[in-house]
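Notes to accompany the following structure.
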Amino acid sequence: MMHINFPPEIENYIKSKVASGFYGNASEVIRDAIRRMQSEEERLNAWKAAIAKGEHQLDCGNGIPYRVSAEVCAKWDTL
């Protein structure tokens, strides 16, 4: 079993989450935070893999030229 020490501001944040009733105890807050970090890491890794795939395709000459239409340019000018 791990024992973790938090700075007071993080400990107070965890306590506020439990006090809100959304979590039953501090362990649930920490577990949820870790699950969210893992999910974010997986999402980021998927993005990195997609970017690497696209870069490889471009390196192999499989890119498609992209031009912004006049309609899109005009819309941006109004923003």
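We did not get these values from a lab; they are worked out from the coordinates using the rules stated. All of these numbers come straight from a predicted model, not from anything done at the bench. Quick reminder, even Gly has a Cβ in these numbers, built from the backbone with ideal geometry, and neighbours come from all protein chains shown.
Structure data summary
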item	result
Filter result for residue 71 (outside any loop (DSSP other than H, G, I, E, B), out of contact with any Pro (no Cβ under 8 Å at 6 or more places or on another chain) and surrounded by fewer than 10 Cβ atoms within 10 Å (Cβ to Cβ))	yes
Leading residue by the ranking (nearest to the chain's Cα centre (by Cα)) among those in the range 2-48 that are hydroxyl-bearing (Ser, Thr, Tyr) and assigned to a helix (DSSP H, G or I)	39
